[in-house]
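Enquirer: Before we start, here is the structure in question, set down as C-alpha cells.
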Amino acid sequence: MFRTKVNTQLLPLKMCFFLLFASFGPTIGFLPTIARQLGYSITTYGATMMFMSVVSTILVPLSGVVVDKFRIKKPLFLVVIFGTGVVSICFLFVPKAPVDAAMTEIKCDAETTTMTVFNENSNNNNLQTTSNVTYYTVANHTSGDELITCKLKCQYTELCGAGHAIINNPKNQSDLSDLWTRTINENQNKYDHIDLTLKPRDVEQTEQIANSYVFQVMSVQINGTQILSPTCRCHLKTFCHIANCSNDKIMEVATVTTYRGNVLNLYQFWIFFALVATYWACITISSTLINPICLDALGDRSAEDFGKQKCWASIGWGGFSIFIGWLVDVFSFDKKDKNYSPVFYSSILVTALNFGVVNRIKVVETNKSEGRWKNMCGLFTKHYMISFCIWSIFNTLFHTIVTHFLFWYMEDLVSANDDHSQRAWLKTLQGLAQGIQCFSGEIPFFFWSGWIIRKMGYGNCMTLVLAAMAVRMYLYTVIWNPVWIIAIELLNGVSYALGYSVKMSYAKMLSPPDTLNTVIGFIGFFDCIGESIGSLLGGYLFDTYGGVWSFRFFSYMSVLMCFLSVVTNYFGLTKESITSKDNTESTNTDLKITNNNTDKKM
C-alpha cells in the first residue's frame, strides 16, 4: 500500500492559503463585471484600480517594515482578515449609479415616420468591428401577427420652423404633425407621452449605422387617438426616452448601462470606491503577510517547497470561482441583472473559518537587527536587484491587464455573438476560466516550481514567464468564441504561477538576515507600480481602442521585455545564487554592529 506523508505542522498553513484565496478570489475575479453592472465605464474602473494600486504601493512596504520593527505579524494578519469579512457584508448594499434611457429620435416627413434609438453602450466599440453598418435582429422570437408596443416620453418641439402657419386638416387621418400640434396646444406641456406600435416584420432587419438603430413606425397613438402609417406634411423631429417596450431586444438597445457623467459627483460612486479601497487594503496586507509567514515556516527549504504550499491558494481560488460563478448564474436565472450575492456571502463564511485557522498557525516573528537598514540599502543598489525590480514591475503590469480586463472582454465577445445561452451561463464560464487558471495552470507549476527553477535558473525562468504572457494575450485577440479562453488559460501556470514562485524564492535568496518581510514589502512596492500603470493605461486603451488592439499592444510589449530579459541574462545581470562572500559580508556587518553596541554598554 502507498503511504502519504503529511507534515501536520504545515497543515494549518495550507488551510490558510486555501481559505484566504477562496474568500477573495471570486470577489477579485468578478469585480470588473460588478462595476460594469453598477453602471461604471471601463475607464472609471481602470482609474479606480489605479488608485487601489497606489494604496497597495504604500501599504505593502509599510506593512513589512511595521511587522519587522514591532513583531506584530500575527495580530495584524488577524485584523485584516476580519476587515475582509466586514467589507464583504457592506458590498451587499452598494447602490447602482443612476443611468438614463438612451436618446430616441422621432422623425416624420411626407413619406414615413421613423424611430431612431442611439445606443450609448460601448460593447461593440470594445470589439473594434471593421464595418460601420450592421443589421440587428430585434424580434425573431415574435410571431408575425404580434405587434410591438413602445411607450415614449417625448420632448416638445416646434414644427415647420418659426412663422410657418399650421392648418389643421381633420380629413387627413395619417398626418401626425396636425395631431401633434393639437395635442401641444391643448395641454401646453413640455413633455407628452406617445405610444408607438411596430410590426416585427418591419424591424427584424433593422439597419444600424454609427451605433444608432432605425425602426419604421407603423402606427402612432397620442392620448387615445391612433394614426396608421403616419406621415407629416410639416416636418417633425423630436427627441424622446423609451419608458417601456414590449420587445426585450429594443429595450436592451435603448437602455444605457454606463454612467457617462462625472462620477465624482455621485455618492453611489464614493460608497463603491470606499468599500473597494478598504477591501483592497485588507487583501493587500493579508497577501503580503502570508508569504513571509510561509517562507519563515519552511526555513532553508523555502525555494523548494514554497510553491507546494502556494498551490493550495490556487485550489481555493479556482474551486470557489467555479462554484460561485455557477451559483451566480443559478440565482440570476431569468433576471436582467446578475445576482452577485453568492460572491459576498461565501466570502463572509470562508473568512470566518479562516479566522479560526490563523489562530493555530505558529508565526515566527523577526529578530531585531540594528544593521537591517544598512543591509537593505546595499541590496537595492546591486545591479541584479535593480533588474529584478524592473522585471517584477512589468510582470505585474501584464498580469494586471489579464486580471482586470479579461472578464470585461469576455462579456463583449458574448454581446457581439448575441448568443442567449452564452449570456445565461456567462458567470459559470468565467468561473470555469478561473478554475482552469488554477487547477490546470497554477497548481502543477506551483508544485514543480522548485524543480523548474533549479534546472533552468532564475534568469531563464523570468524570460519564460514573459514569453508565455505574450503568447497568452495575443491568443485572446484571435478568437471570437469566449469558450476558447478556457484553453488559453492553461498558460496561466507559466505566466503567473512560475513567475510568482520565482519572485518569492529570489527575494528569499537575496534577503539579508532578518529583513525578509521588509524585502518582500519593497518588492510588493514595485509590483504595485506595475499594477497602477496597468490599471490606468489598460482602462484608457480598452475604452479607446477596444479589447483586441489593447491585448495585442500589451502582447507586443511583453515580447520586447522578453528580449531585454534575454539580453540581461546574457550579460550576467541576474544572480543565480548567494555566494559565500555575500554571506560573509552580511555576517561581518552584523557582528561589527553587535560589537560596537557591546563596547558602548561597557
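Enquirer: Given the alpha-carbon gyration tensor of region 472-546, what are the semi-axes of its equivalent ellipsoid in whole angstrom, ordered largest first, with each equal to the square root of 5 times an eigenvalue?
Expert: 32, 18, 6
Enquirer: Of the cross-linked pairs K455/K508; K310/K575; K73/K575; K308/K508; K153/K335, which ones have a Cα-Cα span greater than 22 Å in the structure shown?
Expert: Long pairs (Cα-Cα over 22 Å): K310/K575; K73/K575; K153/K335.
Enquirer: Starting from the Cα coordinates of region 256-309, work out the convex hull volume and express it per residue in Å³.
Expert: Spread over its residues, the Cα hull of region 256-309 gives 117 Å³ apiece.
Enquirer: What is the percent carbon and sulfur in the accessible area of region 416-506, measuring with a 1.4 Å probe over the protein chains and ignoring ligands?
Expert: 70
Enquirer: Could you pull the Cα extents of region 306-464 along its three principal axes, largest to smallest, in whole Å?
Expert: Taking max minus min along each principal axis of the Cα atoms, region 306-464 gives 63, 39, 28 Å.
Enquirer: Dipole of region 467-549, Cα-centred, from +1 at each Lys and Arg C-beta and -1 at each Asp and Glu C-beta, to the nearest 20 debye?
Expert: For region 467-549, the charge dipole is close to 180 debye.
Enquirer: If DNA, RNA and ligands are ignored and the probe is 1.4 Å, what is the ranking of R260, R552 by accessible area, most exposed first?
Expert: Largest accessible area first, the residues go R260, R552.
Enquirer: Next question. If you average 1/r across every pair of different Cα atoms in region 268-356 and take the reciprocal, what Kirkwood value do you get, in Å?
Expert: With all distinct Cα pairs of region 268-356 included, I get 15.7 Å.
Enquirer: Determine the distance separating the Cα centre of region 8-64 from the Cα centre of region 390-460; give it in Å without decimals.
Expert: Answer, in whole Å: 15.
Enquirer: Specify which residue in the list G546, T568, S495 is farthest towards the positive end of the charge dipole of region 455-571, using unit charges on the beta carbon of Lys, Arg (+1) and Asp, Glu (-1), about the Cα centre.
Expert: It is T568.
Enquirer: Right, another one. Quick one: if the Förster radius is 35 Å, what FRET efficiency do H241 and V86 give, using the C-beta to C-beta distance and rounding to 0.05?
Expert: The formula returns an efficiency of 0.30 here.
Enquirer: Pairs of Cα atoms under 8 Å, at least six residues apart: use those to get the relative contact order of region 313-445, whole percent.
Expert: Answer for region 313-445 is 60 percent.
Enquirer: For region 59-108, I need the span (max minus min coordinate) of the C-alpha atoms along each principal axis, in Å, sorted largest to smallest.
Expert: Rounded to whole Å, the extents work out to 76, 23, 8 Å.
The values are calculated or read from the model by the stated rules, or taken from the named source; none is laboratory data. Keep in mind that this is a model prediction, so the values were computed, not measured. Quick reminder, even Gly has a Cβ in these numbers, built from the backbone with ideal geometry, and neighbours come from all protein chains shown. These area figures cover heavy atoms from the full protein model, side chains too; ligands, DNA and RNA do not enter into them. Shrake-Rupley method; radii C 1.70, N 1.55, O 1.52, S 1.80 Å.
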